[in-house]
Each structure stands twice: as C-alpha cells, then as structure tokens.
Amino acid sequence: MCGRYALYDTSKSEFKISNNIIRYSYNITPNSLVPVVVKNNEVQLINWTFKVSWANKLKIVNARSETLNQKKVFQKVNRCIFIANGYFEWLRKDKNRIPYYHTFKNRMMYFGGIFNKYGACIVTRQSYPMKKNVHHRQPVILQYEDFSNWLTFKHDYSCEITEEMDVFEVSKRVNFPFNDSPENIKSIK
C-alpha cells in the first residue's frame with residue numbers, strides 16, 4: 001500500500017512541470033492537494049482521496065489493480081499519474097511499525113492512479129521482490145514511456161521495474177503528518 005509519499009524535486013522529470021502548481025513536501029498525506037498527470041501530459045492539482053457521490057463515508061487512498069474492473073465504485077473513472085520522488089511503507093515487527101523510504105537514485109517515481117471529480121487514489125499491485133521487502137503491496141510504478149498506455153487503459157502490469165529501487169529505514173518522525181522535513185527521507189542506518 002502507499003499511505004505517504006514525498007515530492008521535493010522535479011529536476012529529473014522527463015517532461016516540464018510548472019513549479020507554480022506544486023507544493024513540495026517530504027510527507028504528503030491523504031487528503032492533500034497533489035499534482036497528477038492527466039491526458040496530454042497536463043498536470044493538475046487534485047485531492048488525494050477518491051470519493052463517490054453515492055457513498056459519503058467512502059474515502060479511498062489506494063485501489064487494488066486486480067479489482068479495478070470489478071468494483072462498482074471504480075466504474076466511470078479516469079486515469080492519472082502521481083508524481084513523486086519516493087514513498088513510505090511500514091514494516092510491522094511485533095507491535096512496532098518501522099518506516100522505510102522507497103526511491104530511485106537517478107529518476108522520478110510515478111504511480112498509476114485513478115480519479116474522478118471528487119478526488120484521486122493510487123493504484124497498487126502485489127509487490128515485486130526488492131532489495132528489502134517491506135510490504136506485500138506497492139504502488140503501480142510507471143516510467144515516462146508508460147504514460148500513454150496507462151492513461152488509455154492499456155498498461156501491461158508485467159513491465160514494472162523495481163529491482164533498482166533503493167529501500168531504507170527512516171526516522172519515525174514521518175509517522176506524524178505535521179513533520180515535513182528532509183530528515184524524513186534520510187537513512188538512519
């Protein structure tokens with residue numbers, strides 16, 4: 001799953017992203033206004049929580065790729081792409097939750113997403129093997145070349161690359177949404 005992510009630098013983006021539209025953060029949480037890529041590689045701000053008009057209490061942050069076509073709530077959606085430098089996931093050990101940051105050294109990270117007029121959510125899939133396996137789910141990771149296929153519902157889920165992803169433990173400061181600091185993405189080991 002993906003309940004937090006970071007976007008603090010777009011210099012490695014393969015396309016132009018206006019700095020006027022982005023609020024950089026080292027701790028983006030659900031219900032934040034976030035930039036997403038939509039058709040024609042346009043970037044727009046949208047609320048990171050998917051909702052529908054007929055279920056007021058339903059608030060979705062992640063959607064399983066395996067059930068997107070089966071669930072009524074995901075009918076009549078558009079696709080989008082979340083822009084990130086990395087995401088956080090927590091490893092459960094006994095009663096402890098240990099945060100780990102997932103990132104690429106030399107490129108941006110893009111997540112497949114869906115949206116409607118009320119908000120957006122990140123699409124997840126079963127995790128690929130990584131240097132450090134933290135969680136059994138991960139965002140659908142896209143490369144720039146995948147944008148067109150994702151946005152037109154033609155994505156091949158087998159083409160994701162995660163073995164080059166860096167995964168490392170970070171401070172538990174990231175557990176608190178008000179902690180928005182570069183310290184959130186620094187390895188503690």
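Tabulated results
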read-out: Which listed pairs, of K95/K189; K72/K186; K95/K117, have C-alpha distances above 29 Å, in listed order; value: K72/K186; K95/K117
read-out: Top of V140, V43, V52 by mean-square fluctuation, Gaussian network on the chain, Cα under 10 Å; value: V52
read-out: Set of aspartates and glutamates near K12 by C-alpha distance (under 20 Å), chain-local residues within fewer than 8 positions excluded; value: E42, E145, D146, E160, E163, E164, D166
read-out: Using a Förster distance of 35 Å, the FRET efficiency for Q70-I188 (Cβ separation, nearest 0.05); value: 0.30
read-out: Debye log10 I(q)/I(0) at q = 0.18, 0.19, 0.22 Å⁻¹ for the stretch 15-107, Cα point scatterers; value: -1.08, -1.16, -1.32
read-out: Partner aspartates and glutamates for K93 [C-alpha distance under 15 Å; skip if fewer than 8 residues away on the same chain]; value: E169
read-out: Fully extended contour minus Cα-Cα distance, from N106 to D9, at 0.36 nm per residue; value: 33.8 nm
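Rule-based calculations on the coordinates, nothing more; no lab input. Only a predicted model underlies this, so the values are computations on that prediction, with no experimental measurement involved. Using ideal geometry, Cβ is built from the backbone for each residue, glycine included, and neighbour counts are taken over all protein chains shown.
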